[in-house]
1. Please determine whether any residue of the stretch 160-175 is acidic (Asp, Glu), touching a strand residue (DSSP E or B) at 6+ places or on another chain (Cβ under 7 Å) and either more than 30 Å from Val357 (Cα to Cα) or assigned to a helix (DSSP H, G or I) (or both).
2. Could you grab me the full set of residues in the stretch 334-374 that are at pLDDT 90 or above and of a type in the set (Ser, Thr, Tyr)?
3. Scan the stretch 98-121 and give yes if some residue there is farther than 30 Å from Phe257 by Cβ and surrounded by fewer than 17 Cβ atoms within 10 Å (Cβ to Cβ), otherwise no.
4. Taking the condition in contact with an Asp or Glu (Cβ under 7 Å, 6 or more places away or on another chain), within 25 Å of Gln326 (Cβ to Cβ) and outside the structural domain of Val139 (by TED's automatic domain parsing), does Val216 pass?
5. Would you check which residues across the stretch 240-263 are modelled with pLDDT of 80 or more, under 25 Å from the mean Cα position of the chain (by Cα) and not aliphatic (A, V, I, L, M) and list them?
6. Suppose we keep only residues that are over 29 Å from Thr180 (Cβ atoms) and in contact with a helix residue (DSSP H, G or I) (Cβ under 7 Å, 6 or more places away or on another chain) within the stretch 43-63. Which one would you say is modelled with the lowest pLDDT?
7. Where residues in the stretch 169-228 are among the hydroxyl-bearing types (Ser, Thr, Tyr), closer than 23 Å to Leu243 by Cα and buried (at least 20 other Cβ atoms within 10 Å of the Cβ), which of them is nearest to the chain's Cα centre (by Cα)?
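The values are calculated or read from the model by the stated rules, or taken from the named source; none is laboratory data. These figures come from a predicted structure and were not determined experimentally. Every residue, glycine as well, gets a Cβ built from its backbone with ideal geometry; the counts of neighbours run over all protein chains shown.
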Amino acid sequence: MTDTQISLIDLVSDEARDLLSLSGSDLVQHIGWDVVRGVVYDVLTGRNLRDSTEMLTRRRLALLNASLVSLFLKGTNLSANFVERLPDLAAVTLQQKRLRKAERWLAQWMLGLNDKAFQNVLRDKPEALDAYKERYIAVCREAIANCETEHGTLSGHLELSSGAKAELNWTFFVYLLTATGAQTLAIRGSEKSTYGKLFERLVLGSLLYILGFEMVSPEQPDKLERVFWLSSRGEKRESDATLLYEAGKGVRFDIGFIGQGNPEISLDKVSRFEREMQLGHSQWYMATIILVDRIGRKSRIVRLAQEIGGTIIQMSMGYWPQQVAQVLHQEIGFEHELLTMDESQIADYLKSRLQQVPLQDFIQHLSCGSQWTKQP
């Protein structure tokens, strides 16, 4: 078998392929509903989403790191020059059309790239790939020579119980560690986006359900009081949730796990919300609530939000769901037991109510969009 006939994706296990291709709904099935519910509870009680999901990310990275080691060993068993020819194999793979994400990612990592670097460095031009590959090989060879000079000769071998084995040298480790670094950047970037999109909706849906609102389809709501829907699209932009309290009164929500350095991004989005909404034959007054992780001490976002008639709430504040209830009371006359509940009771209350939240419905809604229908 020649080097160019070797398929990188065939050198990883089925489990590794699944880990490479996880979507939001796949992620839920992979980590389990109990873990998902626990993360939602953490956020509802003021913990940062990244803190709650960091161990999940580290587990995925550890398993994929092991898969890369196995890939290098299996590849070396197929071809003695596998490691040296990896950049050529990766370039040939990336020049193919209609690659699956897992195939594209593996090939990019062998060249020290992730999706973002591929776009920025190569500007999405396939013809630039060969020139980049040659520069990459030259840099790796220089690094290998420096390692030999500074640290001395590296020798030894690795072997799997399956029989796959490889003799170790600096070439093996330079290419392996470069691929591992690119993989780490890709997985962390992907999970930041995936977890953010997934848990923004799960947290927001759970909060509104706990506050006594029922999720309905935005296309055909069967009632217009004490209901909400997720990711509705208005005339100007998409809001993360729309809540209808009673005739003519509603609230639009925007949620983002944005750090204190740039929460103004969220304000820029919601500044385009309309203050009124046409629903059926009626005109609805729409308040705006913006949920962010933290606000810096010098941030202008609170004042600017007030100027556009919106309210900013920090999810890092303990028991922020009570603040949401209080804002709803001020804006639309909302009544709920959480309004006056003692802070010492709120955590237990949220944990108890969260057990009844139909998280599966929120996941189905995210997957099906406006085609979602409530399960009996």
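1. yes
2. Within the stretch 334-374, Thr340, Ser344, Tyr349, Ser352 qualify.
3. yes
4. yes
5. Scanning the stretch 240-263 gives Asp240, Thr242, Arg252, Phe253, Asp254, Gly256.
6. Ranking the candidates gives Gly46 first.
7. Ser206
Residue by residue, here is whether (1) in contact (Cβ under 8 Å) with a residue 40 or more places away in the chain; (2) under 21 Å from Ala80 (Cβ atoms); (3) of a type in the set (S, T, N, Q) holds:
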| residue | (1), (2), (3) |
| --- | --- |
| Ala128 | no, no, no |
| Arg141 | no, yes, no |
| Ser162 | no, yes, yes |
| Ala166 | yes, yes, no |
